[in-house]
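Computed from the coordinates by the stated procedures, all read-outs in this text should not be read as laboratory data. Everything numeric in this text was worked out from a predicted model, so none of it was measured. We place every Cβ from the backbone using ideal geometry, glycine too, and count neighbours over all the protein chains shown.
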């Protein structure tokens, strides 16, 4: 066997131009497949991260039935010890406590309905980057008695920082909740639904306003590795012990899941077309190499070389070319993908505005998920090795006298 491997290796470099051509077809196929797949995975990753970071988190903890009813009566009692136990789980980035409610907000003769989110300012900012959305005023602190108001809602109420608005609504069990609060900052959201309705106040102030001391409606959990979602989810469920409902982002945002699945279908079609082009390119190169060597094969068989040995040597040659081309394409793609992962291409102008309206960062992202490299390497290797069946069949049917006259 060692002799056949040595013979196959020498055969490759007897005609360097032919070998380099075959090698290049596999190399560029590998490079193109990896970059295409990395881009698609990166696009999905940034869509998911943008959506969950905007509000829900990868995992959310709330009272049983709260997600369907959104009632304060379905609130939970979760102290700092419980939240710390969640944050101590491996891969958990932060656990963000919130108290959410709807209230009427008034300024002079104008009244609107707004969504009030009571937050831990620092934890909220670490997840949603809320501070970056400030366009006027200052950010909240833990003991603040003021509010942050969305820019669209402020415009409708004709108010700005320093002005005072009236909040009126209900706390837990129908208790009246009403107060005068100063506007300490104005936020601007890309999504109109958020920009026209949202207000934020400190958690301690909100709990007092709604008569919900020590109570929360939700805890949103961010993780640093989405691939560990199931592991973290099961750990949180074990800690919750059935007292709370624990939901993944897929269960809270089924429309996003459907959108990604639909995009995956389009992506599969595109990658399928790409594989088809790759297969024809590699097969064409192998076929050309085989036909060029017809006379050589005929002479070898005529002087006594068995067809089975010739097939074995030719197959080893195909394995060498496929492996070297695939590995070289893999090695060449890694720095390109890492570079664009760290320095994504940014959109500008109307394309950037359109992306922001959907809550997606206006960039062309890439993914460095190891599974992409493994899967694409195996697929391209399989295509290359499948193409090697052509010379096998060609040699099997070869007539040495006719081959030498070719």
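When percent of Cα pairs over 41 Å apart is calculated directly from the model, which label among (i) 31; (ii) 39; (iii) 22 fits? Matching entry in (i) 31; (ii) 39; (iii) 22: (ii). Against the main long axis of the alpha-carbon atoms of the chain, helix 307-342 sits at an angle near 30°. Determine the percent antiparallel among the DSSP beta bridges restricted to the chain, to the nearest 5. Bridges in the chain are about 85 percent antiparallel.
Once the chain from residue 142 to residue 126 is taken as fully extended at 0.36 nm per residue, the excess over their C-alpha distance is 4.3 nm.
The gain in end-to-end length when the residue 280 to residue 397 segment is fully stretched comes to 39.9 nm, 0.36 nm per residue minus the alpha carbon separation. Label positions at residue 343 and residue 9, each projected 7 Å from the Cα along the C-beta direction, are separated by 3.9 nm. Sorting the segments 42-48, 23-29 by their residues' average number of neighbouring beta-carbon atoms within 10 angstrom, most packed first, yields 23-29, 42-48.
Taking Cα atoms only, the orientation of helix 16-51 departs from the longest principal axis of the chain by about 10 degrees. Protection proxy ranking of 195-203, 309-317, by the mean of other Cβ atoms within 10 Å over each peptide's residues and highest first, is 195-203, 309-317.
Panel order for 377, 164, by other beta carbons found within 10 Å of each beta carbon, from fewest to most: 164, 377. Once both labels are positioned 7 Å from their Cα atoms along Cα-to-Cβ, the gap between residue 67 and residue 287 label points is 5.3 nm. Compared with the dominant Cα axis of the chain, that is its longest principal axis, helix 254-292 is turned about 10°.
Helix content alone sets the calculated 222 nm mean residue ellipticity of the chain: runs of n ≥ 4 DSSP H residues at -39500 (n - 2.57) each, divided across all residues, give -18000 deg cm²/dmol.
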